[in-house]
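The values are calculated or read from the model by the stated rules, or taken from the named source; none is laboratory data. Note that the structure is predicted; figures quoted are calculated from it, not measured. Note that each Cβ is placed from the backbone with ideal geometry, even for glycine, and that neighbours are counted across all protein chains shown.
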Amino acid sequence: MDSEFRTQLLGTVGRWSLVLALVLALLLLSAVPFSITGFGDVRPFFALMAVYYWSILASAPPVGVFAFGLVLDLLSGYPPGMNALVLVAAQAMTAHQRKFLLGQSFLVIWAGFAVVAFCAGSVQWVLFSLLNLTVMAVLPVLIAVALSALMFPLCVLPLAAVYRVVADRPETP
């Protein structure tokens, strides 16, 4: 194996391993409930942040996003397929607006995430209500959406840093 090729291969594997590590960290954070007195457990949509951000910059296969959501379902104790469905729908919604979002300021991208988070929370609320055959409390969902929207800028910093590393790849001859 040529030394230059081996170096490029290791660099590529290393960069994508960094992406995977960050995405897995956000997935694990999504599975951890935040206990807020009076509202019960609230889970900000960290996994959704990763899917939204990467859907703007690069396309991931929906099967991969679905698998990512299934892992989140298993870790968080949600019914299998719930987060998977929500994440794939969010990816499709974001990918549909990708050309528009690429040229926008951070504030527009942030507002777009808030809309996607609200839609994701609404879908989860409806699905939980249907599964439980009762109208679930709306306030914990709204708090999760608000926390997610407020935390989005903090999560974008490492996502953007990793994207810069991945995007800074040497050109192949």
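Go through region 1-56 and count every residue that is among the hydrophobic types (A, V, I, L, M, F, W, C), part of a helix (DSSP H, G or I) and at pLDDT 85 or above. Here the count works out to 16. Restricting attention to region 115-173 and to residues that are aromatic (Phe, Trp, Tyr) and within 20 Å of PRO33 (Cα to Cα), the residue that is farthest from the chain's Cα centre (by Cα) turns out to be PHE128.
Within region 135-150, the set of residues being in contact (Cβ under 8 Å) with a residue 12 or more places away in the chain and either within 17 Å of ASP73 (Cα to Cα) or surrounded by 15 or more Cβ atoms within 10 Å (Cβ to Cβ) (or both) comprises PRO140, VAL141, LEU142, ILE143, ALA144, VAL145, LEU147, SER148, ALA149. Applying a threshold of 7 Å to beta carbon distances and a minimum spacing of six or more residues, or different chains, the list of pairs starting in region 87-109 at a residue that is in contact (Cβ under 8 Å) with a residue 12 or more places away in the chain and ending at one that is assigned to a helix (DSSP H, G or I) and polar (S, T, N, Q) reads GLN91/SER55; THR94/SER55; ALA95/SER55; ARG98/SER55. So how many residues does region 107-134 have that are over 10 Å from ALA149 (Cα atoms) and surrounded by 15 or more Cβ atoms within 10 Å (Cβ to Cβ)? Looking only at that region, the number is 10.
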